[in-house]
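The values are calculated or read from the model by the stated rules, or taken from the named source; none is laboratory data. Nothing here was measured: the structure is a model prediction, and the numbers come from that model. In this analysis, Cβ positions are derived from the backbone assuming ideal geometry, glycine residues included, and neighbour counts consider all displayed protein chains.
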Amino acid sequence: MFNIIIFSVIALSIFIYTVVNLIKKNNSNYVFSLIPEFMGLIINFVCILLKVEPSVILLIIMYIFSVIIPIIMLILEKRKINLSEIINIVKANYYEKREQYDLARKQLVYNASRYPNNFLSHQKLGEWYEKNGELEKAESEYLKIIELKPKKYENYYKLALIYNKDQKKDEAIEILKEVLKRKADYLDASLCLGSTLYETEMYKEAINVFQDALKYNPGEYKLYYYMGMTYTRINDFPNAKEYYKKAATINSTLDVAKLNLGQIYLIFKEYDEAEKYFMKCIENDDEEIQAEAYFYLSKIKLINNENNLAVQYANIALELEPTLIKKMEKDIYFATILGKLKIKEEKNVKTKLNKEEKNLINYLDKTYGVVQNLTSNKEPKEQNIIQKERE
């Protein structure tokens, strides 16, 4: 009977506390707690009445009903999470899965209005607005979340991502700077701020952000890769080359860095080194990276007067990315083999490259063209003859 006495004292105390809070706070959460508590006490009362020692399984059930569930409910209360709020969120998820989007949205809006000071409702509604492209409303929800949870820095970062989607770069930069003042080692915030500065062509500021982030995250390959990208944009190719190498060393699968390295070596006419990196890229499963690598391998073979191999590489490049024919037609080196190339119909190319990475590949290609024109030994007249032959 000792177990029953101990249980009775604990369960009855919790039950009384729950009843008092229900009356005092008029919070529906306590109703969800009182029902299992009452069931546990009934089982306990029956055991006392029959003078039966409860089995281990029955005792566990009694503790779950009258002790564990109430404690969970108290924890939820402390965190300002209502069980009914969670039920409504589950309903919204259910409606969304059934593609009843209007009902899902109404459920989340109702939740946020009913529990205006609970961050969970605003968070779910903010995520909903963001996912469905209602960025202004998403921003409003995340501002409310930040007001409720000012020390949860992840929400500042998420708001910055929404600002970026909404092309509000200045707002994104401002809020990310504020986050990094408070939490300097926040990697995602550093990456986001640096890339946003990069996109707005504030390259020196971006470099400073990435360098600061490296103090806390010296093994993060993305920082080295972004540093390489940024140094490329200010034409500091020696530094760009070093950072690309570090990125590719840390992450051996980062073939876009190897492609950029190959392009930089090509600019400096270090053809053997360039070829080495392009050969590594053709093993990648990204069709655009493969195609670009074959394009540059073909160019190197043309420079070395290995035309047959150049034709093979160029045709593989066109098989992967048919639109490269436009680049080949504009390139003086390809003039002699254009008639031997197999033109393909355009197709959707499988690639994971983002817009900035594609732009950087094109930027390096144009840089090579400028350097080539400046250092070419061909007379302008001779170049015109080749151009006419190509046309």
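What the table shows:
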{"read-out": "Index of the failed condition, ASN235 passing every other in (1) without any contact (Cβ under 8 Å) to a residue 60 or more places away in the chain; (2) outside the structural domain of ALA335 (by TED's automatic domain parsing); (3) at positive phi", "value": "(1)"}
{"read-out": "Criterion: in a loop (DSSP other than H, G, I, E, B), at pLDDT below 85 and acidic (Asp, Glu) - qualifying residue of GLU96, GLU85, GLU77, GLU53", "value": "GLU53"}
{"read-out": "Any chance ALA293 is farther than 15 Å from ASP272 by Cα and assigned to a helix (DSSP H, G or I)", "value": "no"}
{"read-out": "Selection status of ILE5, assigned to a helix (DSSP H, G or I), surrounded by fewer than 18 Cβ atoms within 10 Å (Cβ to Cβ) and modelled with pLDDT of 80 or more", "value": "no"}
{"read-out": "Within the range 334-343, tally of residues that are surrounded by 16 or more Cβ atoms within 10 Å (Cβ to Cβ), not β-branched (Val, Ile, Thr) and not in a helix (DSSP H, G or I)", "value": "1"}
{"read-out": "Some residue of the range 312-327 being in contact with a helix residue (DSSP H, G or I) (Cβ under 9 Å, 6 or more places away or on another chain), within 26 Å of ASN354 (Cβ to Cβ), basic (Lys, Arg) and in a helix (DSSP H, G or I)", "value": "yes"}
{"read-out": "LYS299 being basic (Lys, Arg), modelled with pLDDT of 95 or more, crowded, with 22+ Cβ neighbours inside 10 Å and within 36 Å of the chain's Cα centre (by Cα)", "value": "yes"}
{"read-out": "THR351 vs. criteria assigned to a helix (DSSP H, G or I) and among the hydroxyl-bearing types (Ser, Thr, Tyr)", "value": "no"}
{"read-out": "Total residues in the range 50-77, condition surrounded by 11 or more Cβ atoms within 10 Å (Cβ to Cβ) and among the charged types (D, E, K, R)", "value": "2"}
{"read-out": "Cross-chain or 6+ apart pairs with Cβ under 8 Å, the range 324-348 first and of a type outside the set (Val, Ile, Thr), then loosely packed, with under 12 Cβ neighbours inside 10 Å", "value": "ALA335/GLU389"}
{"read-out": "Among the candidates ASP331, ASP285, residue that is acidic (Asp, Glu) and surrounded by fewer than 16 Cβ atoms within 10 Å (Cβ to Cβ)", "value": "ASP285"}
{"read-out": "Condition met for TYR216 (in contact with an Asp or Glu (Cβ under 6 Å, 6 or more places away or on another chain) and either surrounded by fewer than 16 Cβ atoms within 10 Å (Cβ to Cβ) or of a type in the set (S, T, N, Q) (or both))", "value": "yes"}
{"read-out": "Test: TYR244 is assigned to a helix (DSSP H, G or I), crowded, with 17+ Cβ neighbours inside 10 Å and not assigned by TED's automatic domain parsing to the domain that holds TYR368", "value": "yes"}
{"read-out": "Tally, over the range 315-366, of residues that are small (Gly, Ala, Ser) and over 30 Å from GLU199 (Cα atoms)", "value": "2"}
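Conditions (1) in contact (Cβ under 8 Å) with a residue 40 or more places away in the chain; (2) in contact with a His (Cβ under 6 Å, 6 or more places away or on another chain); (3) over 25 Å from ASN373 (Cα atoms), marked per residue:
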residue	(1), (2), (3)
LYS245	no, no, yes
ALA248	no, no, yes
SER252	no, no, yes
ALA257	no, no, yes
LEU266	yes, no, no
ASP272	no, no, no
LYS276	no, no, no
GLU288	yes, no, yes
ALA291	yes, no, no
